[in-house]
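Some notes on the structure that comes next.
The values are calculated or read from the model by the stated rules, or taken from the named source; none is laboratory data. Quick caveat, the model's predicted, so the values are computed rather than measured. Cβ atoms come from the backbone with ideal geometry, glycine included; neighbour counts cover every protein chain shown. When the accessible area is computed, the model is the full protein with side chains, heavy atoms only, and any ligands, DNA or RNA have been set aside. Shrake-Rupley method; radii C 1.70, N 1.55, O 1.52, S 1.80 Å.
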Amino acid sequence: QVQLVQSGPEVKKPGDSVRISCKTSGYTFTDHHMHWIRLAPGQGPEWMGIINIGDDVPRSSQKFQGRITFTRDTSTATDYMELNGLRSDDTALYFCARDNNWATDYWGQGTPVTVSS
Amino acid sequence: QSDLSQPASVSASPGQSITISCIGTHDDIGRYHHVSWYQKRPGQVPRVIISEVWTRSSGVPFRFSASKSFNTATLTISRVQPEDEGHYYCCSYTSRDSWIFGGGTHLTVL
């Protein structure tokens, strides 16, 4: 069965970086794009970016451009998202989510990131 | 780019019907068929219930339906059930080659 398993909780200080992994299984990794989405308390989901399988060129929301990096390791079927220059308002639950027909059908369990001095 | 606009909350008794609107612009909902709806219950990850404007995901009851007109997408839940309680989020692809979500609507089943 399709599974997306993310790395564990992170506690960071302002200005730090965080790298979250998303290990996939149960499907052909290179057949699907991967979205990264975050959910902050009391807010709706926020789309952060996507790794497009066709050209492996990641695209990100303008809000995060310049401080977000996406990478993928096809040998381990794992995607990574790194966010730099963390601020307190980056405190959220971060998800990877598989793209299927312009929507997301499988999500990781979420990685809580807390940014606090 | 602002979030898609949704009402913050809606409530209904079991058996009633509700609609949730999702207002966007001509750069997202108004331009693309790539509109989806997500349900999020407490303690669970969001799950897609509708994609491509009106296509129900596998296992989603027929009482969930959706549509769009111009810049507004609408989710309708007929014969609301207690297990429908939770947050509902709309999502659209945009002309900036990105995706945008709504702020979410909490459905309370009375």
Output the lone cysteines of the protein assembly as shown: those with no second cysteine's C-beta under 4.7 Å from their C-beta. B:Cys91
Given points 7 Å out from each Cα along the Cα-Cβ axis, report the B:Gln44 to B:Thr108 separation in nanometres with one decimal. 2.1
In vacuo Debye scattering of the protein assembly as shown, one point per C-alpha: log10 I(q)/I(0) at q = 0.09, 0.10 Å⁻¹? -0.36, -0.45
How many nm separate the modelled label positions at A:Arg59 and A:Gln109, each set 7 Å beyond the Cα in the direction of the Cβ? 3.2
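If r is the Cβ-Cβ distance from A:Glu10 to B:Thr76 and R0 is 35 Å, what FRET efficiency results, to the nearest 0.05?
0.35
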Answer in debye to the nearest 20: the dipole magnitude of segment B:1-99 about its Cα centre, from +1 Lys/Arg and -1 Asp/Glu charges placed on Cβ, is 200
Determine the share of chain B's accessible area contributed by carbon and sulfur atoms, expressed in whole percent, with a 1.4 angstrom probe. 50
Do any residues of segment A:39-70 lose at least 50 Å² of accessible area when the full set of protein chains is present rather than just their chain alone, and if so which, with a 1.4 Å probe? A:Pro45, A:Trp47, A:Arg59
Pick from B:Gly86, B:Gly24, B:Gly43: which is most flexible by mean-square fluctuation in a GNM of chain B where alpha carbon atoms under 10 Å apart are linked? B:Gly43
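Hey, any idea what % of segment A:1-64's accessible area is carbon plus sulfur with a 1.4 Å probe?
Solvent-exposed carbon and sulfur of segment A:1-64 make up 47 percent of the total.
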Keeping every protein chain present and rolling a 1.4 Å probe, give me the accessible area per residue for the protein assembly as shown in Å². 46
Comparing A:Asp79, A:Asp16, A:Asp90 in a Gaussian network model of chain A (Cα, 10 Å), the one with the largest mean-square fluctuation is A:Asp16
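Can you pull out the buried accessible area for chains A and B, both sides counted, probe 1.4 Å, rounded to the nearest 100 Å²?
Buried surface at the A/B interface: approximately 1600 Å².
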Distance in Å, no decimals, from the C-alpha centre of segment B:8-63 to the one of segment A:15-88 is 24
Cα-derived Rg to Rh of chain B, Kirkwood definition: 0.95
When Lys and Arg each count +1 and Asp and Glu each count -1, what net charge do the other residues less than 15 Å away from B:Glu83, Cβ to Cβ, add up to? +3
P(r) of segment A:42-117 in 5 Å steps, Cα pairs, percent per bin? 3, 12, 23, 28, 20, 9, 3, 1, 0
What's the local net charge at A:Ala92, with K and R +1, D and E -1, over the other residues with C-beta under 10 Å away? -2
Under a Cβ-Cβ cut-off of 9 Å, what is the net charge of the residues other than B:Phe101 that fall near it, where Lys and Arg count +1 and Asp and Glu count -1? -2
Most fluctuating of A:Tyr80, A:Tyr106, A:Tyr27 in the GNM of chain A (C-alpha, under 10 Å) is A:Tyr27
Extension reserve of the A:Asn52-A:Thr28 stretch, reckoned as 0.36 nm per residue once the Cα distance is removed: 7.2 nm
Can you list the residues in segment B:34-48 whose accessible area drops by at least 30 Å² when all protein chains are present, compared with the chain alone? Use a 1.4 Å probe, heavy atoms only. B:His34, B:Tyr38, B:Val45, B:Pro46, B:Val48
Once all Cα-Cα distances of segment B:38-89 are split into 10 Å bins that start at 0, what whole-number percent is in each one? 23, 57, 19, 1
